[in-house]
Amino acid sequence: MAPSNKLMLDYIYAHEKGLGDKVFLTQPIGNGQVVDYTWAQVMDQSRRMAAHLRSRGLPEGARVAMLSKNCAHFVMAEIAIWMAGYTTLAIFPTETAETVGYVLSHSGASLLFVGKLDTWAHQKPGVPQDLPCIAFPLAPEGHGFETWDEIIARTPPMTGNPTREPEELAVLMYTSGSTGTPKGVMHSFERFTAASVGINEDLRERIGLHTANRVLSYLPLSHIFERTWIEGSSLIDGRTQMFFAEALDTFLADLQRARPTLFISVPRLWLKFQQGVFAKMPPAKLERLLKIPILGKIVAKKVRTGLGLDQVLMAGSGSAPIPPDLIAWYRRIGLNLFEGYGMTEDCAYSFTSNAAHNAPGYVGVKMKGVEARLSPEGEVLIKSPGQLVGYYKRPDLDAESFTPDGFFRTGDLGEFSPDGMLKLTGRAKELFKTAKGKYVAPAPIENLINAHPMVELSLVSGVGQPAAYAMILLSETLRPRQHESSVREQVNAELSRLLDEVNAAVADYEQLKMFVIAREPWSIENGCLTPTMKIKRGRIEKMLEPEIERWYANKQKVLWQ
């Protein structure tokens, strides 16, 4: 783990001195063009912005916010904020004006950087008119703010290597808010550094100490998973080159440019990548080819190359449960896909699979320095080197969230294998009772459903009903044709069989009465998914309430909403 006297900025200054000519950040700027920034260039810009921030006379430890999609200037701004003596506050770039306004107000933000955004016109009303704002180079047109480049051009760089104390706040990170109001999670320099160092050491053990690592940063940097596993570990390592994605429709080109050696994603995207492969080659045919000696390896390499993942030495999935069958499929095509488990509250530093401990269905073993146990109720309790200092302005939550001996109450239920692997069996707050009187954990059942190629996402519910049911979002390839009678016949037949298979695999009180096909996709934009693509159960269930009675009166296995 990180020595107590060496913090994030110390690593950054060492890279500035020893790796000045090494390209650190690669930013697409449109039309297939990119700009490379060496460590020397990154630090020159960060030092100039740090000097500007200091000149504004903000209070020590001031919260400086960023509302931006991932880009090179997000990283530069974070370094500048730290050097200037302040705390970074990143807001999800897809948040509504209401949430943007809440986070800026609750945190007491002193300044806002505005960057790459798709819905700025809708978000701008959430920004207080008297809040100073600075625009990144890729900010939306017509923002009306002073720009990063204007400030950099006229401001001399900050000299020296200003340091921070271990207990000072490095990051204030608001949860994505899948339920209720977002909470501000406080991470000190000591703990954010410790998690980033631990992650980097873990990655280096897997891919080799001297590998020139390449990563594509596209999951939100405002989420802890990307912030520590990609940005944090890259800042510690120094040799990693961070590439950024330009837009959704250029993603494949961005991936081909980066040819990442490390690639992390979330289950919904891993599923989308698989479905993209199946759209070009039926699953049964692909399986037959993969089983043929020699040819199978050639086909697997072709599939990985088509995904832009042929250079990946380690692939990771986190943020939500992933179906074990999906992990097994990626391993069959030669991709080392490992599942991990972490949360905002421990800098995503707690459990991960590795070469020795990677059974599908388990999230791996404790990472270095992590302690874990189960409560008498089966709740996973964790003490991590990356553990939060506390919740911002919420001492009531601090009291609820920790055991008397300092373990964090995760809210997740789990069990350990004899060799220390953790299996998550549900989330305590998601458990519900049907009329049969026993608790149903939806996540394991959803994993069984989500493994089917016709399914993109599912939600198991049925509070107080005779039996549970599942709402199903069809795969992206099927949705445009779901109104065709032939497609509906195929879906009805396939999912009727799936319903029988799922019910045969679960306890009698967990069995599902029916599948209901969602009419519209669940998305971040319509509020049904969090920014990291987890389903917002409460919101979806509330939307479905008026139709529940009609569904239960129906006798069919598969219903169309």
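The values are calculated or read from the model by the stated rules, or taken from the named source; none is laboratory data. All figures in this text were calculated on a predicted structure; none of them were measured in a lab. Cβ sites come from the backbone with ideal geometry, for glycine too, and all protein chains shown count toward neighbours. All accessible areas refer to the heavy atoms of the entire protein, side chains included, with ligands and DNA or RNA removed. Shrake-Rupley method; radii C 1.70, N 1.55, O 1.52, S 1.80 Å.
Tabulated data
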item: Correct choice for mean projected area of the Cα convex hull in nm² that was computed from the model, options (i) 26.6; (ii) 31.0; (iii) 33.8; result: (i)
item: Cleavage-rule hits (GluC sites (Glu not before Pro)) in segment 460-541: DSSP loop, at most 15 neighbouring Cβ within 10 angstrom; result: Glu476, Glu484, Glu525
item: Label-to-label distance, nm, for residues given as Arg497 and Thr477 (7 Å Cα→Cβ offset); result: 1.6
item: 222 nm mean residue ellipticity, helices alone, for the chain (DSSP H n ≥ 4; -39,500 (n - 2.57); rounded to 500); result: -10500 deg cm²/dmol
item: Under 5 Å, built H, 5+ apart or other chain: amide partners of Ala468; result: Lys513
item: Estimated inter-spin distance, Leu397 and Phe145, nm [label 7 Å along Cα→Cβ]; result: 2.4
item: Residues whose placed amide H lies under 5 Å from that of Ile134, excluding near-sequence neighbours; result: Leu112, Phe113, Val114
item: Rounded to the nearest 20 debye, dipole of segment 158-230 from Cβ charges on Lys, Arg, Asp, Glu; result: 260
item: Charge dipole (the chain, unit charges on Cβ, about Cα centre) - positive-most of Ala97, Tyr37, Gly308; result: Gly308
item: Segment 441-552, relative contact order [Cα under 8 Å, separation at least 6], %; result: 22
item: Value of relative contact order over the chain, rounded to a whole percent, pairs C-alpha under 8 Å and six or more apart; result: 11
item: Sulfur and carbon atoms: percent of accessible area, the chain [1.4 Å]; result: 53
item: Residue-level accessible surface for Asp346, protein heavy atoms, 1.4 Å, Å²; result: 10
item: Length gained when the stretch Asp405-Glu205 is fully extended (0.36 nm per residue, less Cα-Cα span); result: 68.8 nm
item: Among the listed pairs Lys69/Lys536; Lys69/Lys280; Lys22/Lys69, those beyond 27 Å (Cα-Cα); result: Lys69/Lys280
item: Distant-in-sequence amide H partners of Ser475 (H built 1.01 Å from N, under 5 Å); result: Val455, Glu456
item: Efficiency of FRET from Cβ geometry, Ala212 and Tyr509, R₀ 51 Å, rounded to 0.05; result: 0.45
item: In degrees, nearest ten, helix 8-18 long axis to first principal axis of the chain (Cα); result: 60
item: In degrees, nearest ten, helix 189-207 long axis to first principal axis of the chain (Cα); result: 60
item: Gain on full stretching of the segment that runs from Asp130 to Val389 - 0.36 nm per residue minus C-alpha separation; result: 90.2 nm
item: Residues of segment 326-356 with amide N under 13 Å of the 7 Å Cα→Cβ point at Ile294; result: none
item: Whole-angstrom gap from segment 373-426 to segment 4-29, using each part's C-alpha centre; result: 33
item: Degrees between helix 537-553 axis and first principal axis of the chain (Cα, 0 to 90, nearest 10); result: 10
item: Segment Lys272-Lys302, length gained on full extension (0.36 nm per residue, minus Cα span); result: 9.0 nm
item: For segment 299-371 versus segment 100-131, the gap between their alpha-carbon centres in whole angstrom; result: 35
